Amino acid sequence: MEEEEEEEEEEIKITASYEQKDVLTSGNAEIDKKIGGGIPVCSLTLIEGPNAAGKSVLTQQIAWGAAQQGFTVASYTTENTAKSLLKQMDSLAFDVSDYFILGKFKIYPIRVRGTEWMEDVPFLNHIASDMERKEEEVILIDSLNVFVSHASERDVIDFFTACKNLCDSNRTILITLHDYVFSEEMLTRVRSICDAHLSLRIEEMENKLVKTMKVAKIRGAQKTTGNIIAFEIEPGFGFRIIPLSKAKA
């Protein structure tokens with residue numbers, strides 16, 4: 001009888017572990033609830049919005065949650081060095097230094113300052129090829145702005161298609177982007193390729209500025225997704241959801 005109970009308990013543990021790998025959680029129960037339980041694994045997510053809307057913090061929150069789940073993470077950043085990214089994440093209570101030391105959280109800074117991009121060089125192809133060589137399960141790109149501004153529409157579509165193909169080989173990819181770099185028609189095409197689309201904004205509510213996130217689409221979400229979410233970013237805590245009624249007060 002005891003042996004049967006032990007076997008049943010072990011089976012439950014294995015099943016629970018498997019279920020946790022079905023979605024990429026943020027490590028924040030409130031956020032996960034609003035996005036339908038988490039980002040489905042093997043999906044391509046677009047996180048778009050203007051400057052200072054919280055795109056980088058959201059990706060850092062999700063990266064921290066992924067590392068805690070046991071996923072290996074690769075982060076391409078055009079806005080930080082490895083040291084500054086680790087420091088920034090630590091200030092938001094997303095301490096990934098141990099994962100970084102163990103090689104489970106890798107950072108790839110992409111130098112862009114002072115670089116003159118040649119319009120006939122599809123740099124997006126180099127990024128896609130480099131991503132394909134990586135072994136990490138979760139890949140973040142924060143942000144894609146500087147590359148798409150010097151790329152043709154065909155290069156952009158080919159890049160997002162390549163990312164989608166990588167997701168079919170057990171990768172989960174999240175990309176941040178300023179929406180102004182594309183025309184509305186181009187944005188529509190890119191969004192249609194992606195499995196998930198989160199739109200961040202800075203809106204004026206009752207004479208004060210409030211950050212919001214619209215969960216426009218999460219294909220394959222385990223639960224019903226939320227719609228418009230108001231949030232704030234707090235040092236030492238990170239991404240905190242606030243009720244819309246409080247945001248408007």
query = In the stretch 27-248, with Lys and Arg counted as +1 and Asp and Glu as -1 at Cβ, which of these residues, F105, I157, N207, has the Cα nearest the positive end of the dipole, that is, farthest along it?
reply = N207
task = For the stretch 27-248, give the share of DSSP beta bridges that are antiparallel, in percent and rounded to the nearest 5; count only bridges with both residues there.
result = 45 percent
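Take the alpha carbon gyration tensor of the stretch 27-248, find the square roots of its eigenvalues, order them as a ≥ b ≥ c, and report rounded if a/c is under 1.5; if not, report prolate when a/b exceeds b/c, else oblate.
Details: a/c = 1.41, a/b = 1.21, b/c = 1.17.
Cα axes put the stretch 27-248 in the rounded bin.
Considering only Cα-Cα distances, which of the following residue pairs are longer than 30 Å: K87/K223; K83/K208; K164/K208; K33/K55; K134/K211; K83/K217?
Numbers: K87/K223 34 Å; K83/K208 34 Å; K164/K208 39 Å; K33/K55 18 Å; K134/K211 34 Å; K83/K217 33 Å.
Exceeds cut-off: K87/K223; K83/K208; K164/K208; K134/K211; K83/K217.
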inquiry  = Let's test the formula: R0 of 51 Å, r as the Cβ-Cβ distance of D130 and N207. What FRET efficiency results, to the nearest 0.05?
reply    = 0.65
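All of the numbers you see were taken from the coordinates with simple rules; none came from a lab. The model shown is predicted, which means the values in this text are computed figures rather than measured ones. Note: ideal-geometry Cβ built from the backbone for every residue, glycine included; neighbour counts use all protein chains shown.
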